[in-house]
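Structure record follows, encoded as structure tokens.
No lab work stands behind these numbers, since they all come straight from the coordinates. Since the structure is predicted, the reported quantities are computational estimates derived from the model, not experimental observations. A quick note on method: Cβ atoms are made from the backbone with ideal geometry, for glycine too, and the neighbour counts reach across all protein chains shown.
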Ligand SMILES: [Mg+2]
């Protein structure tokens with residue numbers, strides 16, 4: 001019998017900030033870019049639950065969040081506290097949380113990357129899947145989840161939500177079912193009933209486009225979805241239709257993948273003060289980011305990088321990333337800092353040129369954010 005758990009930290013960035021600053025307890029918090037009195041141009045990364053009550057959520061434009069906060073203030077409610085993210089702290093907390101989870105898995109390992117690693121798959125900074133099959137029953141698996149939640153609450157003073165199911169799909173949906181501080185267990189027998197009333201958007205992999213397409217054939221819930229045959233779904237969605245068919249029936253046999261530590265990477269990104277398609281304005285951003293990254297690289301004790309990633313967000317928020325892995329790593333040891341930065345800059349600008357013309361930007365959309373990332377550090 002397979003028993004899979006999915007753990008998701010609650011409003012992670014915002015909760016960490018709240019914990020670091022006790023005077024913020026209970027206040028609405030939005031972690032994201034600087035709102036600049038309503039003129040800011042980034043987005044919210046994470047909002048805590050009091051801020052969500054104002055309508056402020058992940059990906060809400062920061063100017064809109066500011067507006068909502070001002071509105072609340074006028075109604076005599078506390079305004080949102082805006083905080084710019086501290087990724088290094090989140091990364092450190094994330095590692096501590098994952099180590100706690102790993103400590104509760106089979107065996108006595110307390111670190112993540114031992115020769116016989118516990119079946120833990122970290123899928124983002126605040127989310128992981130664990131294979132709890134070793135527990136032998138859903139009851140026992142639930143007890144493990146309770147212990148994990150308790151230890152995270154005690155040692156990290158943070159809450160999380162855990163879902164347990166017979167596969168990753170159900171575990172993931174279950175972890176989202178009772179947030180925050182939730183624990184939802186769905187046994188094999190309960191899967192169909194649990195899924196039945198769910199809006200299709202609750203099913204991982206179904207985004208706004210697929211939702212719209214399904215709505216056109218009057219499919220709004222998993223129950224509706226089950227009325228469609230696999231052939232019909234294939235006709236609508238191509239190869240993915242087969243997967244979707246299985247999702248409606250709660251089936252998923254993808255394994256919990258225990259991976260080597262993720263390739264180290266570092267990146268910078270900036271929202272421009274004003275959307276632009278003028279290379280004289282845009283290039284200095286890329287140049288500065290390239291320079292910063294090479295200096296961070298050396299500061300952090302790395303010598304080289306091999307992959308360059310460019311991220312471009314257009315004025316309509318469409319975001320595109322392009323990456324290039326070089327044949328030879330760019331070494332900043334044999335080169336001076338300036339030469340290393342120059343090589344990176346050259347690569348980045350070459351990757352960027354297509355965004356100025358129809359190759360990557362046929363509608364001549366202006367650009368609102370630029371980011372550069374280097375990966376495969378050594
Ligand atoms: Mg989360």
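List of remarks:
- Per-residue extension of 0.36 nm, minus the Cα-Cα distance of residue 211 and residue 21, leaves a gain of 64.4 nm for this segment.
- Taking N as its residue count, the alpha carbon Rg of region 170-247 over 2.2 N^0.38 Å: 1.12
- P(r) tail fraction, region 265-375 - alpha-carbon pairs more than 22 Å apart, %: 29 percent
- Based on C-alpha pairs under 8 angstrom that are at least 6 apart in sequence, the chain has a relative contact order of 14 percent.
- Cβ crowding within 10 Å, taken as a proxy for footprinting-reagent exposure, orders 351, 9 from fewest neighbours to most as 351, 9.
- When the chain is treated as a Gaussian network with alpha carbon springs shorter than 10 Å, the biggest mean-square fluctuation among 251, 188, 318 belongs to 318.
- Per-peptide average of other Cβ atoms within 10 Å, ordering 70-78, 366-374 highest first: 366-374, 70-78
- As a length-normalised measure over Cα pairs under 8 Å and 6 or more apart, the relative contact order of region 196-248 settles at 31 percent.
- Peptide ranges 303-316, 166-179 listed from the most packed, as the mean C-beta count within 10 angstrom indicates: 166-179, 303-316
- Footprinting exposure proxy ranking of 104, 86, fewest other C-beta atoms within 10 angstrom first, gives 86, 104.
- The simple spin-label model puts a point 7 Å past each Cα toward its Cβ; for residue 1 and residue 318 those points are separated by 4.9 nm.
- Taking every DSSP helix (H) stretch of at least 4 residues in the chain, weighting each as -39,500 (n - 2.57) and dividing the sum by the residue count yields a mean residue ellipticity at 222 nm of -11500 deg cm²/dmol.
- Debye equation applied to the C-alpha atoms of the chain, log10 I(q)/I(0) at 0.08, 0.13 Å⁻¹: -0.52, -1.32
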